[in-house]
Amino acid sequence: MTRIDDTPPAWDERTQLTTFLDYTRDTARAKCDGVSAENARRALLSASPLMTMSGLINHLRWVEYYWFQVVFLGEEDRGPWTDEDPDREMRIAVDFPLAQLLDEYAAQSARYRELVAGNSLDTQAKGAVRDGLHVDLRWILLHLTEETARHNGHLDILREMLDGQTGN
């Protein structure tokens with residue numbers, strides 16, 4: 001599996017934050033290298049029937065959408081989830097080819113890189129989170145890095161269970 005280097009090309013805060021988010025994004029995509037369409041849809045953990053490689057990639061895509069577009073930009077939430085099915089993005093992922101999900105995630109990541117580049121890290125989100133709090137862009141980048149890294153661990157487990165591949 002090939003990933004980008006996690007050592008930033010510069011040591012300012014913005015470069016460090018964006019480098020680590022890109023690193024975790026690239027790691028998630030790398031975990032899917034060579035996974036068949038069938039295997040990408042397989043739920044291997046009986047207690048977590050929605051946890052598939054496709055589901056995790058789609059979840060990561062939609063999590064970024066939520067934090068950048070809904071919270072940061074204050075746009076209307078048009079995500080796939082509903083009150084009745086809050087994990088719908090993971091459920092519907094098996095209806096799409098993994099390659100498509102990865103391409104959409106990569107394209108969206110590129111758009112969000114531009115969004116981040118055009119805003120100060122101190123810019124407050126237009127949308128509120130818990131208790132009316134408005135987080136700043138820095139917090140969103142840190143949160144997305146944490147969430148993506150956590151789900152990379154899930155992708156690690158699934159990949160090892162599918163074909164024994166480990167690492168990166």
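The values are calculated or read from the model by the stated rules, or taken from the named source; none is laboratory data. Remember, predicted model here, so these are calculated numbers, not experimental data. Positions of Cβ are backbone-derived with ideal geometry, glycine not excepted, and every protein chain shown enters the neighbour counts. For the accessible areas, the whole protein counts, side chains as well, though only heavy atoms, and no ligand, DNA or RNA atoms are used. Shrake-Rupley method; radii C 1.70, N 1.55, O 1.52, S 1.80 Å.
Being aromatic (F, W, Y), farther than 29 Å from A43 by Cα, open to solvent by less than 30 Å² (accessible area, probe 1.4 Å) and part of a helix (DSSP H, G or I) is a property that holds for Y112. Scanning the range 48-93 for residues that are over 30 Å from N119 (Cα atoms), part of a helix (DSSP H, G or I) and open to solvent by 40 Å² or more (accessible area, probe 1.4 Å) gives R88, R91. Checking the stated criteria, R3 turns out to be surrounded by fewer than 20 Cβ atoms within 10 Å (Cβ to Cβ), at pLDDT below 95 and of a type outside the set (D, E).
Of the candidates R150, R111, the single residue that is free of Cβ contacts under 8 Å to residues at least 40 places away in the same chain, under 15 Å from the mean Cα position of the chain (by Cα) and under 14 Å from K31 (Cα atoms) is R150.
Any residue in the range 117-133 that is open to solvent by 30 Å² or more (accessible area, probe 1.4 Å), outside any loop (DSSP other than H, G, I, E, B), hydrophobic (A, V, I, L, M, F, W, C) and within 26 Å of K31 (Cβ to Cβ)? Taking every residue of the range 117-133 in turn, none turns out to be open to solvent by 30 Å² or more (accessible area, probe 1.4 Å), outside any loop (DSSP other than H, G, I, E, B), hydrophobic (A, V, I, L, M, F, W, C) and within 26 Å of K31 (Cβ to Cβ).
Within the range 134-146, count every residue that is part of a helix (DSSP H, G or I) and either open to solvent by 40 Å² or more (accessible area, probe 1.4 Å) or over 9 Å from F72 (Cα atoms) (or both). Can you show your working first?
As a first pass, look at the range 134-146 and keep what is part of a helix (DSSP H, G or I): 137-146.
Checking which are either open to solvent by 40 Å² or more (accessible area, probe 1.4 Å) or over 9 Å from F72 (Cα atoms) (or both) leaves us with 138-139, 141-146.
Residues flagged as part of a helix (DSSP H, G or I) and either open to solvent by 40 Å² or more (accessible area, probe 1.4 Å) or over 9 Å from F72 (Cα atoms) (or both) within the range 134-146 amount to 8.
Restricting attention to the range 27-47, the residues that are open to solvent by less than 30 Å² (accessible area, probe 1.4 Å) and charged (D, E, K, R) add up to 1.
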